[in-house]
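Read the structure below first, then the notes.
The values are calculated or read from the model by the stated rules, or taken from the named source; none is laboratory data. Just so you know, these numbers come straight off a predicted model, no measurement behind them. Here the Cβ is made from the backbone with ideal geometry for all residues, glycine too, and neighbour counts use every protein chain on show. Note: areas computed on protein heavy atoms with side chains; ligands, DNA, RNA excluded. Shrake-Rupley method; radii C 1.70, N 1.55, O 1.52, S 1.80 Å.
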Amino acid sequence: MPISLTNEKKLLTELAAGSQDAFTELYLHFSPVVYDALLYFLKAEQDADELLQQIFIDVWEKRQHLARAENLESYLFMMTRNRVLNHLKKRAREEQFITRYSTRENRPALDPESGFLQKQYGELLQKAIGTLPQQQQRAYRLAEEEGLSYEEIAAQLAVSKLTVKKHLELARRQVREYMRRYLYPLALLLLLCRP
């Protein structure tokens, strides 16, 4: 169902001239539809809220070009689609990075050049582990730091192998989420700061 404004060209001309009233009208008219589309594709309110803001910031920054747009609804749809695709690609890259470096075997190697990264990574990992409930912490440390099997962990914690498996699944998921939030930006910062 088209949701075009009654006097779209006039509104876009006013917007191009810097009218905040025109921007407000445009935002109030289109933001609910854009938000619904974002939420449909992203399945996360926080991500949808963030991208909605970015899209309308782009609208304001590109307002002079919008006066030439043939169909504002199509233009906003394309902006939304591109933002969603870029967001999903970024999330996939972050997930790949986190998955790669959140296991004991793939942690950054300790050498003179990566000493700072190793220290930062270790501190971040310890903070992530520290957010876990006590039993999950113990199971995680025994598995990841000491390399014990499910059977050995079950014996040390006096629980079943199935309980160990559940603790480790939950712990690894939470550590991965924590690392996703903080490790990827840290690594990018460190890469950008390298001479």
Can you run down the residue pairs with Cβ atoms below 7 Å, 6 or more apart or on separate chains, where the first is in the stretch 82-102 and at pLDDT 70 or above and the partner is polar (S, T, N, Q)? 83/54
From the list 174, 126, 118, which residue is surrounded by fewer than 18 Cβ atoms within 10 Å (Cβ to Cβ), within 19 Å of the chain's Cα centre (by Cα) and either modelled with pLDDT under 90 or of a type in the set (A, V, I, L, M) (or both)? 174
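Here are 50, 73, 25: which of them is within 20 Å of residue 91 (Cα to Cα), assigned to a helix (DSSP H, G or I) and among the charged types (D, E, K, R)?
Details: 73 fails: within 20 Å of residue 91 (Cα to Cα); 25 fails: within 20 Å of residue 91 (Cα to Cα).
Exactly one of 50, 73, 25 is within 20 Å of residue 91 (Cα to Cα), assigned to a helix (DSSP H, G or I) and among the charged types (D, E, K, R), namely 50.
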Given the structure, is residue 40 of a type in the set (Ser, Thr, Tyr), touching a residue at least 12 places away in the same chain (Cβ under 8 Å) and either touching a Ser or Thr at 6+ places or on another chain (Cβ under 8 Å) or closer than 22 Å to residue 89 by Cβ (or both)? no
Test result for residue 154, at pLDDT 90 or above and over 30 Å from residue 42 (Cβ atoms): yes
Give me the pairs: first residue in the stretch 2-25 and under 15 Å from residue 70 (Cβ atoms), second residue open to solvent by 70 Å² or more (accessible area, probe 1.4 Å) and modelled with pLDDT of 90 or more, beta-carbon distance under 7 Å, and six or more apart or on different chains, which are they? 11/25
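Looking at 48, 67, 16, 37, which is the one that is open to solvent by less than 80 Å² (accessible area, probe 1.4 Å), closer than 23 Å to residue 181 by Cβ and not basic (Lys, Arg)? Explain how you work it out, then say what you get.
Numbers: 67 fails: closer than 23 Å to residue 181 by Cβ; 16 fails: closer than 23 Å to residue 181 by Cβ; 37 fails: closer than 23 Å to residue 181 by Cβ.
48 is the lone residue from the list that is open to solvent by less than 80 Å² (accessible area, probe 1.4 Å), closer than 23 Å to residue 181 by Cβ and not basic (Lys, Arg).
Matching residues to (1) over 30 Å from residue 145 (Cβ atoms); (2) loosely packed, with under 11 Cβ neighbours inside 10 Å; (3) of a type in the set (Ser, Thr, Tyr); (4) at pLDDT below 90:
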| site | (1), (2), (3), (4) |
| --- | --- |
| 1 | yes, yes, no, yes |
| 23 | yes, no, no, no |
| 29 | yes, no, no, no |
| 44 | yes, no, no, yes |
| 58 | yes, no, no, no |
| 105 | no, yes, no, yes |
